[in-house]
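Q: For reference, the structure I am asking about is given below.
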Amino acid sequence: MRSDMTETARKICKRLHAYLRMDRYAGKVHAVSPTGVTLETPIGMVSILTNAHCLYPFSVVVNSTKRLSNFEIEEGQEVLLGDERIEIPACELTVDLSQATDLDLSVEIMQSLFLPMDLDIRMRHVLRVIESNGGPDDISPLVTEAKTNEYCEAVRPLLPALHEAIREQEPEACANAAASIAGFGNGPTPSSDLMLCGYCAGYAALSGALGRSRQRVLSITREIASGAAARTTETAAALLLQSGEGLVSEDTFQLLRCIFSDASYQTMVAYANKVATAESGNGSDILTGIYLAVTKQLG
C-alpha cells in the first residue's frame with residue numbers, strides 16, 4: 001500500500017475507540033463530502049473528518065489538509081474498522097488510529113458543575129448568539145423574536161408535552177413527545193432533531209449541576225432519542241441516539257461546562273459561537289435545544 005494513502009488520526013471519540021478495541025467491524029461508505037466521510041457500521045454512523053478543530057461523537061479527525069474526495073471514495077464501498085486502523089480497501093485509504101488522542105465527549109464525566117448565581121445572564125448571552133446566527137429556515141424562532149417559519153409553527157404546540165414529560169420523569173411520554181417533534185426541517189439533519197440533540201445535552205448538564213442521578217437522566221435522554229430516531233432520517237437518527245447516550249461535540253462539551261461554572265462570559269460566548277457556526281451549518285438549532293432545556297427544566 002502506498003504511504004501517501006495512509007492518513008494519521010489526530011484525535012478520536014473515546015467511546016468509538018472503546019468499541020474498536022473490543023472487536024473488528026465491517027461497514028460501508030454512507031456519504032462523502034470534501035471534508036468528511038460518513039461510514040455506516042454495526043456500531044452506528046462513524047465520521048472521518050479533515051480540516052476540523054472540533055471532534056464529534058463517533059468521529060475521527062485526521063491531520064490531512066487534502067480533501068477526502070481526492071481519494072476517490074464512493075458511497076457503498078466496503079469499510080473495515082479495527083483498534084488501530086480504518087480501511088477503505090477499494091481506494092487503498094488507511095486511517096492510522098495508533099497515535100490518536102482519545103477525547104471523552106460524554107456529559108456525565110463533567111466534574112464540579114453547579115448552578116451559577118448569574119445563570120440567567122449566561123443564558124441571555126446564549127440567546128444573543130442564537131439571535132445572531134439563526135437563519136430563516138431553522139428552529140431558532142422558538143426562542144427568539146425572529147420571523148417564524150412552518151417548522152417552528154409545527155413544533156411550537158408540541159413542546160409543552162415534552163417539557164412536562166421530562167419534569168414528571170415519564171419515559172414513555174418523553175419518547176412519544178419527542179417522536180411527534182422529530183423530522184421537521186430540511187436536509188439529512190432536520191432542525192427539530194438537532195434541537196432535540198441540544199435539549200438532551202442541556203438537560204444532562206443541568207441535571208449534573210443539580211446533582212441528579214446520572215442513570216435516571218440517561219433513562220430519560222435515551223427515551224427522547226429513541227422516540228425521535230424512529231421518526232426521522234437515518235443520519236439524524238444516528239445523531240439523536242448518540243445524544244441520548246450523553247455524547248456531544250467537543251465545542252458543545254466546553255460550552256456546557258462554561259454555562260454551569262464561573263467561566264468568563266467571553267469564553268462561554270466564544271464556544272457558543274463555535275457551536276452555532278460549526279454544527280453541520282445548523283448549530284443555532286443545537287443552541288436552541290440547550291436554551292430550552294435549561295430554561296424550561298430548571299424548576
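Q: Tell me the residue from GLY135, GLY187 that is within 14 Å of THR232 (Cα to Cα), surrounded by fewer than 24 Cβ atoms within 10 Å (Cβ to Cβ) and either over 21 Å from the mean Cα position of the chain (by Cα) or not polar (S, T, N, Q) (or both), please.
A: The unique qualifying residue is GLY187.
Q: If the requirement is being of a type outside the set (S, T, N, Q), modelled with pLDDT of 90 or more and within 15 Å of THR235 (Cα to Cα), which of these qualifies: VAL46, VAL79, VAL95?
A: Details: VAL79 fails: within 15 Å of THR235 (Cα to Cα); VAL95 fails: within 15 Å of THR235 (Cα to Cα).
VAL46 is the lone residue from the list that is of a type outside the set (S, T, N, Q), modelled with pLDDT of 90 or more and within 15 Å of THR235 (Cα to Cα).
Q: Tell me which of these VAL143 doesn't satisfy, since it passes every other one: (1) within 30 Å of LYS14 (Cα to Cα); (2) crowded, with 22+ Cβ neighbours inside 10 Å; (3) among the β-branched types (Val, Ile, Thr).
A: (1)
Q: The conditions are (1) farther than 15 Å from ARG24 by Cα; (2) acidic (Asp, Glu); (3) within 24 Å of the chain's Cα centre (by Cα), and ASP83 fails exactly one of them. Which is it?
A: (1)
Q: So, in the range 227-246, exactly how many residues are under 13 Å from SER191 (Cα atoms) and assigned to a helix (DSSP H, G or I)?
A: As a first pass, look at the range 227-246 and keep what is under 13 Å from SER191 (Cα atoms): 228, 232-233, 235-237, 239-240.
Filter once more, keeping what is assigned to a helix (DSSP H, G or I): 228, 235-237, 239-240.
Looking only at that region, the number is 6.
Q: Got a sec? Which of ASP285, ASP251, ASP262 is closer than 22 Å to GLY208 by Cβ, crowded, with 20+ Cβ neighbours inside 10 Å and not assigned by TED's automatic domain parsing to the domain that holds ASN51?
A: Answer to the selection: ASP251.
Q: Just name the residue that is farthest from the chain's Cα centre (by Cα) out of those in the range 111-127 that are in contact (Cβ under 8 Å) with a residue 24 or more places away in the chain and more than 10 Å from PHE260 (Cα to Cα).
A: Here the residue is ILE121.
Q: Within the range 225-240, how many residues are at pLDDT 95 or above and farther than 11 Å from ASP193 by Cβ?
A: Residues in the range 225-240 being at pLDDT 95 or above and farther than 11 Å from ASP193 by Cβ: 3 in total.
Q: Hey, can you tell me all the residues within the range 218-234 that are in contact (Cβ under 8 Å) with a residue 60 or more places away in the chain and crowded, with 23+ Cβ neighbours inside 10 Å?
A: ILE224
Q: Kindly provide the set of residues from the range 259-293 that are more than 17 Å from the chain's Cα centre (by Cα) and assigned to a helix (DSSP H, G or I), ordered by number.
A: ILE259, TYR265, GLN266, THR267, MET268, VAL269, ALA270
Q: Here is a further query. Failed condition for ALA146, given (1) part of a helix (DSSP H, G or I); (2) modelled with pLDDT under 95, with all others met?
A: Unmet condition: (1).
Q: Also, I was wondering about something else. Within the range 22-30, is even one residue among the aromatic types (Phe, Trp, Tyr), outside any strand (DSSP E or B) and surrounded by 17 or more Cβ atoms within 10 Å (Cβ to Cβ)?
A: No, the range 22-30 has no match at all.
The values are calculated or read from the model by the stated rules, or taken from the named source; none is laboratory data. Just so you know, these numbers come straight off a predicted model, no measurement behind them. Quick reminder, even Gly has a Cβ in these numbers, built from the backbone with ideal geometry, and neighbours come from all protein chains shown.
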